[in-house]
1. Look at Asp74 and say whether it is open to solvent by 50 Å² or more (accessible area, probe 1.4 Å), over 18 Å from Glu256 (Cβ atoms) and not basic (Lys, Arg).
2. Return the only residue of Ser311, Ser282 being closer than 26 Å to Leu57 by Cβ and at pLDDT below 95.
3. Can you find a residue in the range 241-255 that is outside any loop (DSSP other than H, G, I, E, B), over 18 Å from the mean Cα position of the chain (by Cα) and more than 10 Å from the ligand (Cβ to nearest atom)?
4. Sort out which residues of the range 203-218 are open to solvent by less than 30 Å² (accessible area, probe 1.4 Å), aliphatic (A, V, I, L, M) and either assigned to a loop (DSSP other than H, G, I, E, B) or touching a residue at least 40 places away in the same chain (Cβ under 8 Å) (or both), and write them in order of number.
5. Just checking, how many residues over the range 219-237 are open to solvent by less than 20 Å² (accessible area, probe 1.4 Å), of a type in the set (A, V, I, L, M) and near the ligand (Cβ under 9 Å from one of its atoms)?
6. If you take the residues in the range 53-71 that are assigned to a loop (DSSP other than H, G, I, E, B) and within 16 Å of Arg133 (Cβ to Cβ), which one is farthest from the ligand (Cβ to nearest atom)?
7. Among the residues of the range 115-131, how many are surrounded by fewer than 24 Cβ atoms within 10 Å (Cβ to Cβ) and under 17 Å from the mean Cα position of the chain (by Cα)?
Amino acid sequence: MTRRVVLIGHPVAHSLSGAMHQAAFDALKIDARYELWDRTAAQLADAIEELRDDAFLGANVTVPHKERVASLVDRLTDEAHAIGAVNTITREGKKLVGHNTDVHGFMVALDQLVGRQKMPRYAVVLGAGGGARAIVFTLIREGFQRVIVFNRHLHRAEALVRHFARSASHMDLRAMPWHESIIESELAKTKLLVNATSVGLAGDATPVPGELLPPDLLVLDLIYSATRLQREAAAAGDTVLDGEIMLLHQGAAAFELWTGQQAPLELMRDALATARAGGLRSAEGEPAGDTGPAGDEAAVTAPAAVDHGASG
Ligand code: NDP
């Protein structure tokens with residue numbers, strides 16, 4: 001029987017995750033198919049129920065369902081429970097288990113971005129959705145001392161901060177209103193900026209006007225394609241990384257959970273690059289950008305080597 005793995009989101013568009021996972025299944029001779037399920041919030045519970053069937057190895061969950069799915073599965077791993085968001089589902093018999101592999105993907109990307117510098121202790125996070133939760137969880141775990149969360153709807157950022165209140169009791173974790181003057185003032189004090197909003201996914205919008213960006217920031221944009229934020233941050237003299245490495249490594253971790261086999265990382269990286277070059281859109285719904293350098297090392301756009309036309 002051909003087993004099924006699905007990506008559940010809205011929209012899901014054409015999937016870079018599909019290219020990456022299908023290439024890995026095929027290379028390891030695993031008889032499985034990766035499918036895209038575009039499901040609205042109203043259709044989500046039924047979609048999750050379907051996954052109990054033996055045909056399914058599991059699923060990925062993406063924008064905007066990661067938080068909601070946490071309450072629809074039977075069990076959460078400790079990490080997914082602590083985060084309150086799920087991006088990967090596995091099956092144990094008829095029971096569904098929710099995992100969060102975004103943490104692993106983000107950690108690999110953060111290490112890559114920071115490079116040989118000292119890990120910063122202060123971060124500004126834009127966004128308070130399922131992706132942002134994994135980011136804030138990781139920053140707390142990594143010993144950051146001050147993390148400021150800005151979100152368009154402040155109440156969601158406040159809910160995120162309340163969610164992590166206990167684990168962040170030793171540090172300064174705060175929600176702040178989305179006002180340019182406040183963002184500018186916090187950016188002047190920080191070393192790390194993470195964009196975990198979906199602003200820039202479509203069109204040429206940016207969450208932070210370029211003139212607010214100080215030089216020498218480390219900027220991690222979870223969006224995979226070349227965005228205006230990445231372009232303007234590079235122009236401001238910042239070191240910039242897009243979401244490709246995170247996408248690859250969260251995907252590899254999910255693959256290992258579904259199959260019990262080691263993910264063929266290089267092959268998945270190549271499949272992503274090929275799909276990107278072919279103009280597909282990523283699993284997270286982002287339009288694919290220009291074909292960037294394939295290696296992790298090359299994906300960081302250092303200020304000295306900025307190409308304003310293409311990030312990563
Ligand atoms: P959610 O739908 O859970 O959250 C979306 C976030 O974007 C919210 O904070 C929302 O704010 C904000 N937002 C949306 N539109 C606007 C706008 N016009 N102005 C300001 N803020 C806006 O999505 P996720 O958290 O799952 O994903 C967020 C982003 O991170 C996506 O772009 C996704 O592709 C990316 N991502 C990439 C990953 C990777 O592996 N590279 C992994 C995970 C996420 P509000 O609450 O006010 O609506």
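The values are calculated or read from the model by the stated rules, or taken from the named source; none is laboratory data. As the structure is a prediction and not an experimental result, all values here were calculated from the model. Counting neighbours? That spans all protein chains shown, and the Cβs are built from the backbone with ideal geometry, glycine included. Heads up: the accessible areas ignore ligands, DNA and RNA and are worked out on the full protein's heavy atoms, side chains in. Shrake-Rupley method; radii C 1.70, N 1.55, O 1.52, S 1.80 Å.
1. Details: open to solvent by 50 Å² or more (accessible area, probe 1.4 Å): yes; over 18 Å from Glu256 (Cβ atoms): yes; not basic (Lys, Arg): yes.
Yes; evaluated as a whole, the condition is true for this residue.
2. Numbers: Ser311 fails: closer than 26 Å to Leu57 by Cβ.
The match here is Ser282.
3. No, that holds for no residue.
4. Val208, Leu213, Leu217, Leu218, listed by residue number.
5. So the answer is 1.
6. Applying the filter and picking the extreme gives Ser71.
7. 2
Matching residues to (1) part of a loop (DSSP other than H, G, I, E, B); (2) open to solvent by 30 Å² or more (accessible area, probe 1.4 Å); (3) polar (S, T, N, Q); (4) under 15 Å from Trp258 (Cβ atoms):
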{"residue": "Leu7", "(1), (2), (3), (4)": "no, no, no, yes"}
{"residue": "Pro11", "(1), (2), (3), (4)": "yes, yes, no, no"}
{"residue": "Arg33", "(1), (2), (3), (4)": "no, yes, no, yes"}
{"residue": "Asp46", "(1), (2), (3), (4)": "no, yes, no, no"}
